[in-house]
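None of the figures in this text is laboratory data; all of them are computed from the coordinates on show. Everything quoted here is computed from the prediction, not taken from an experiment.
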Amino acid sequence: MLLCLAAWAIPGAGHLWQGQRSKGLVFLVALPLMFAIGLAASGRLFPFDLSEPLVGLAALADVGIGIPYFVASGLGLGGGDVRAVSYEYGNAFAIVAGLLNVLVIIDAYDVALGRK
């Protein structure tokens, strides 16, 4: 369980912890970079608004990236600019980065259990 928490907090940490350096480093660089590109492209960090189910799901996906989400939120990034041409691309990058990190966590868990 601690492995999964580390893998969520820092993308790639679960693989690095298990000695899979190349995989871990790729995830450590690619996923936060993808998240940062999403924010740079005027993407939005979605609020936890339960009255709008899709907004709530997007917020959960954003949090999937771990610590980079809280750093960006704390720095006031991710306000999004709906008028920007790249707004939807930015949202997609940030959301997909979080969802990919969830898959990376599951992969690290499977490796830890010896399934892979």
Can you tell me the orientation of helix 87-113 relative to the chain, as the angle in degrees between its alpha-carbon axis and the longest Cα principal axis, to the nearest 10?
20
In degrees between 0 and 90, to the nearest 10, how far off the longest principal axis of the chain does helix 21-40 point, with axes built from Cα atoms?
0
The set of residues whose placed amide H lies less than 5 Å from the amide H of ARG44, leaving out same-chain residues fewer than 5 positions away, is ASN91
Solvent-free Debye scattering, log10 I(q)/I(0), computed from the Cα coordinates of region 51-111 at q = 0.18, 0.28, 0.30 Å⁻¹:
-0.70, -1.22, -1.26
